[in-house]
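I have placed the structure first, in the form of structure tokens, so that the comments after it can refer back to it.
The values are calculated or read from the model by the stated rules, or taken from the named source; none is laboratory data. On a predicted model such as this, the values are computed, not experimentally measured, just so you know. Quick reminder, even Gly has a Cβ in these numbers, built from the backbone with ideal geometry, and neighbours come from all protein chains shown. We work out accessible area using only protein heavy atoms, side chains counted, and drop any ligands, DNA or RNA first. Shrake-Rupley method; radii C 1.70, N 1.55, O 1.52, S 1.80 Å.
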Amino acid sequence: LDFETANHNRGSICAIGLAFVTNGVITDTKYFLVKPTPNYYDRINIRIHGIDERQTRNKKTFRQLWNELKPYFQNQNVVAHNAAFDLSALRYALDDSNLGYPDLNYYCTYRLCQRAMPFISRFGLKPLARYFNIYLNHHNAESDTKACALIALKLIEKNKVHSLYQLSKKFGFSVGKIISRTRTYSPFSILNWKESYLYGSGLGV
């Protein structure tokens, strides 16, 4: 998953990238341009992703797209690079549109790489894509989400596990969740101080 935003409002999604993984293989990708809410662009955002009002003025809003998008989130395992940003953007957009939350689990390749690859110093998507020799057109949402998926698959392979859940458990993370019934979320985070200490000391995972 990758979102690009139009302005300082976290819910002002203007582009969405989705990559779908089945049995360790990317089977499809999707890209949506979105009329942001509120509908304006900050210059700094335009400089980052190159999207402006001309490209999205005739596109659907997030609210108008949600019925199409919801099956990609409901009861799914979602992974993003710096998931704290992308999943908060999702929540803000849903709140701003007065839409219900989906139920989902989520994972963060940024946090996982920090724990799994302490021998490197930079964990942004661009340096990690370079490290893994993954093509990246940075801040194009479709390219970013595909790179994120490939990084997740590389981590699973290198650590000899079979899922993001097992990978997260190995490095002491609790799975992030969004919960529709209570309209709440729990972050993708270190399980507790004791497990974090055991990991750091070499006594645990």
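Taking L112 and the conditions (1) farther than 19 Å from I26 by Cα; (2) in contact (Cβ under 8 Å) with a residue 12 or more places away in the chain; (3) open to solvent by 30 Å² or more (accessible area, probe 1.4 Å), which numbered condition does it fall short on, given that it satisfies the others? So the condition that L112 fails would be (3). The lone criterion from (1) in a loop (DSSP other than H, G, I, E, B); (2) open to solvent by 80 Å² or more (accessible area, probe 1.4 Å); (3) closer than 18 Å to L150 by Cα left unmet by S121 is number (3). Annotation: A93 fulfils all but one of (1) under 19 Å from K177 (Cβ atoms); (2) open to solvent by 50 Å² or more (accessible area, probe 1.4 Å); the unmet one is (2). On inspection, K154 fails the criterion of being in a loop (DSSP other than H, G, I, E, B), of a type outside the set (G, A, S) and farther than 21 Å from G11 by Cβ. Screening N58 against (1) out of contact with any helix residue (DSSP H, G or I) (no Cβ under 7 Å at 6 or more places or on another chain); (2) within 18 Å of G176 (Cα to Cα) leaves a single unmet condition, (2).
Residues D96, D144: which one is within 12 Å of the chain's Cα centre (by Cα), modelled with pLDDT of 95 or more and among the acidic types (D, E)?
Only one candidate passes the filter, namely D144.
Are any of the residues in region 156-171 surrounded by 13 or more Cβ atoms within 10 Å (Cβ to Cβ) and within 26 Å of R47 (Cβ to Cβ)? Checked region 156-171: no residue is surrounded by 13 or more Cβ atoms within 10 Å (Cβ to Cβ) and within 26 Å of R47 (Cβ to Cβ). Just one of the listed residues (K59, K35) is among the basic types (K, R), surrounded by 17 or more Cβ atoms within 10 Å (Cβ to Cβ) and in contact (Cβ under 8 Å) with a residue 12 or more places away in the chain, and it is K35. The test for being on the phi < 0 side of the Ramachandran plot and either among the small types (G, A, S) or surrounded by fewer than 17 Cβ atoms within 10 Å (Cβ to Cβ) (or both) holds for D52.
Within region 137-151, the only residue that satisfies the criterion of being touching a Ser or Thr at 6+ places or on another chain (Cβ under 6 Å) and in a loop (DSSP other than H, G, I, E, B) is N137. Would you confirm whether any residue within region 70-83 is among the polar types (S, T, N, Q), part of a helix (DSSP H, G or I) and in contact with a Leu (Cβ under 8 Å, 6 or more places away or on another chain)? No: region 70-83 contains no residue that is among the polar types (S, T, N, Q), part of a helix (DSSP H, G or I) and in contact with a Leu (Cβ under 8 Å, 6 or more places away or on another chain).
State which residue is nearest to T22 (Cα to Cα) when the search covers only region 133-155 and only residues that are free of Cβ contacts under 8 Å to residues at least 40 places away in the same chain and either surrounded by fewer than 17 Cβ atoms within 10 Å (Cβ to Cβ) or of a type in the set (D, E, K, R) (or both).
Out of the qualifying residues, it is K154.
Within the set N67, N77, N82, N9, the sole residue that is out of contact with any strand residue (DSSP E or B) (no Cβ under 8 Å at 6 or more places or on another chain), open to solvent by 70 Å² or more (accessible area, probe 1.4 Å) and not hydroxyl-bearing (S, T, Y) turns out to be N67. When region 7-57 is filtered for residues that are under 18 Å from the mean Cα position of the chain (by Cα), more than 23 Å from D95 (Cα to Cα) and outside any strand (DSSP E or B), the ones remaining, listed by number, are G24, I48, H49.
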